[in-house]
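A quick write-up on the structure given underneath.
The values are calculated or read from the model by the stated rules, or taken from the named source; none is laboratory data. Keep in mind the model is a prediction, meaning the values are calculated, not measured. Cβ: placed from backbone, ideal geometry, glycine included. Neighbour counts: every protein chain shown.
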Amino acid sequence: MDEEAFQAMASKRIVYSLPGMENGLVRKDILFKTEGDLTLKMDLYLPDDLRTGESRPAVILVSGGDASADALRTREIGLYISYGQLLAASGFVGIVFDHRGLEGYSQFREVGADTDDVVTYVRTHAASLSIDPERLCIWAFSAGPLYGLRTAFHTSPAAICCAVAYYGGMTLLNKKYFHYAAEEEPLLREFSPVSYLRETPASIPPLFVARAGLDRPFLNESIDEFVQLAIAGSVPITFRNHPEGLHGFDILNDDERSREIIRATLEFLKTHLNSHPGNSLSSE
C-alpha cells in the first residue's frame with residue numbers, strides 16, 4: 001500500500017460513537033517488546049473516570065497484518081484509534097499495539113509471538129497499566145483472527161474471558177484457496193482457528209463473530225465453517241451477519257446494521273468481562 005492509499009484508509013473511523021469518547025485518556029508509546037533492532041509499542045485508551053489504584057477489564061485490538069510495510073503503523077489507523085476511544089468510553093481499557101506484518105506462511109510464527117507477548121506484557125504489568133489481568137478480551141480483525149484467536153485459545157482461560165472476530169479469516173487449510181506443502185500443514189493448523197474447534201472445543205472462551213455479507217468468498221466460507229463447528233461443539237458463540245456489509249463494514253457501511261453489530265459487541269464485552277459466561281448461540 002502506498003503512502004497516499006495508507007493515509008486515506010487510516011483516516012477512516014468507525015461508524016458508531018458515544019458522546020465524548022474522543023476526550024478520553026491516552027497513554028502512548030508504551031514499549032512492550034524489543035528483539036534485536038525490532039521495537040514494538042502499544043497505546044492505552046483509559047476510561048476518564050478511572051480512579052487511582054483502580055483496575056479495569058481490557059480489550060486487546062489485533063489488526064490484520066497482510067501488508068508488511070504498514071504492519072508497524074497500527075496505532076496510526078483511525079479504525080483502531082476510534083475503537084480504543086469507544087472501549088474507554090464504555091468503561092474498558094482499550095489496547096492498540098503494533099506487530100510485524102505477513103509476507104508468507106513463515107511470518108505467522110513471528111506475528112503470533114508478537115500477539116502472545118503483548119498479552120504477557122499486559123498481564124505482567126497489569127497494576128501499572130490499571131488493568132485487571134484476569135479480565136481480558138482479544139478482538140481481532142481481518143487476518144487478525146488467524147493469530148489473535150490462536151493467542152486467545154492458548155492463554156489461560158482465567159485471563160482471556162472472551163474473544164471477538166470481525167470479518168476475519170478462520171482457516172488456512174482450505175486447499176481451494178491456499179496452497180501449501182505437507183511440511184507446512186502443522187504451522188497452518190496452529191494458525192487456523194477452526195482447528196481448535198475440532199480438537200479442544202471445551203477450552204474455548206465465549207466468542208462473538210461478525211461477518212460481512214459482501215466480503216471475499218474465501219473469508220466468508222471460513223467464517224461459515226467456524227460458526228458451524230462452534231455450534232456442533234457447543235461453544236458459546238454470538239454471531240452477527242451484515243448482509244450488505246463490505247470487508248471493514250464498521251468503517252465502510254455507515255448504516256444501522258453496522259451500528260447494531262458494534263452495540264451488540266459492546267454488550268457482549270460487558271457481559272463476559274464481568275465474569276458472566278455465556279452458554280448459548282445468539283444469531284440474527
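When you check ARG263 against the structure, is it part of a strand (DSSP E or B), within 29 Å of ALA89 (Cα to Cα) and charged (D, E, K, R), yes or no?
Spelling it out, it is not the case that ARG263 is part of a strand (DSSP E or B), within 29 Å of ALA89 (Cα to Cα) and charged (D, E, K, R).
The rows are residues; the columns are (1) assigned to a strand (DSSP E or B); (2) touching a strand residue (DSSP E or B) at 6+ places or on another chain (Cβ under 7 Å); (3) among the aliphatic types (A, V, I, L, M); (4) modelled with pLDDT under 95.
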{"position": "ASP215", "(1), (2), (3), (4)": "no, no, no, no"}
{"position": "LEU229", "(1), (2), (3), (4)": "no, no, yes, no"}
{"position": "VAL235", "(1), (2), (3), (4)": "no, yes, yes, no"}
{"position": "ASN241", "(1), (2), (3), (4)": "yes, yes, no, no"}
{"position": "GLU267", "(1), (2), (3), (4)": "no, no, no, no"}
{"position": "LYS270", "(1), (2), (3), (4)": "no, no, no, no"}
Taking the conditions exactly as written (in contact with a Lys or Arg (Cβ under 8 Å, 6 or more places away or on another chain) and either among the polar types (S, T, N, Q) or over 27 Å from LEU266 (Cβ atoms) (or both)), does PHE208 satisfy them or not? no
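The rows are residues; the columns are (1) surrounded by 15 or more Cβ atoms within 10 Å (Cβ to Cβ); (2) in contact (Cβ under 8 Å) with a residue 12 or more places away in the chain; (3) of a type in the set (Ser, Thr, Tyr).
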| position | (1), (2), (3) |
| --- | --- |
| SER130 | yes, yes, yes |
| LEU146 | yes, yes, no |
| MET170 | yes, yes, no |
| LYS175 | no, no, no |
| PHE191 | yes, yes, no |
| GLU225 | yes, yes, no |
Of the numbered conditions (1) without any contact (Cβ under 8 Å) to a residue 60 or more places away in the chain; (2) small (Gly, Ala, Ser); (3) surrounded by 14 or more Cβ atoms within 10 Å (Cβ to Cβ), GLY245 fails exactly one; give the number of that condition. (1)
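Looking at the stretch 254-272, is at least one residue among the aromatic types (Phe, Trp, Tyr), under 16 Å from TRP139 (Cβ atoms) and in contact with a Phe, Trp or Tyr (Cβ under 6 Å, 6 or more places away or on another chain)?
Yes.
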Condition broken by ILE237, with the remaining ones in (1) closer than 21 Å to VAL59 by Cβ; (2) surrounded by fewer than 18 Cβ atoms within 10 Å (Cβ to Cβ) satisfied: (2)
Of all residues in the stretch 98-128, how many are in contact (Cβ under 8 Å) with a residue 12 or more places away in the chain, in a loop (DSSP other than H, G, I, E, B) and within 18 Å of ARG189 (Cβ to Cβ)? 1
Name the one entry in LEU86, LEU102, LEU50, LEU46 that is out of contact with any strand residue (DSSP E or B) (no Cβ under 6 Å at 6 or more places or on another chain), closer than 24 Å to ASP132 by Cα and surrounded by fewer than 23 Cβ atoms within 10 Å (Cβ to Cβ). LEU50
Residues (closer than 15 Å to ALA158 by Cβ and acidic (Asp, Glu)) located in the stretch 101-138: ASP132, GLU134
Any chance the stretch 72-91 includes a residue that's more than 24 Å from ASP215 (Cα to Cα), among the charged types (D, E, K, R), outside any strand (DSSP E or B) and within 15 Å of the chain's Cα centre (by Cα)? yes
For the stretch 28-41, indicate whether the set of residues that are over 25 Å from ARG100 (Cβ atoms), out of contact with any Lys or Arg (no Cβ under 7 Å at 6 or more places or on another chain) and either touching a residue at least 60 places away in the same chain (Cβ under 8 Å) or of a type in the set (S, T, N, Q) (or both) is non-empty. no
Among the candidates ALA163, ALA158, ALA202, which residue alone is buried (at least 23 other Cβ atoms within 10 Å of the Cβ), out of contact with any Lys or Arg (no Cβ under 6 Å at 6 or more places or on another chain) and among the aliphatic types (A, V, I, L, M)? ALA163
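Of all residues being in contact with a Phe, Trp or Tyr (Cβ under 8 Å, 6 or more places away or on another chain) and β-branched (Val, Ile, Thr) in the stretch 55-80, which is modelled with the lowest pLDDT? Just the residue, please.
It comes out as THR74.
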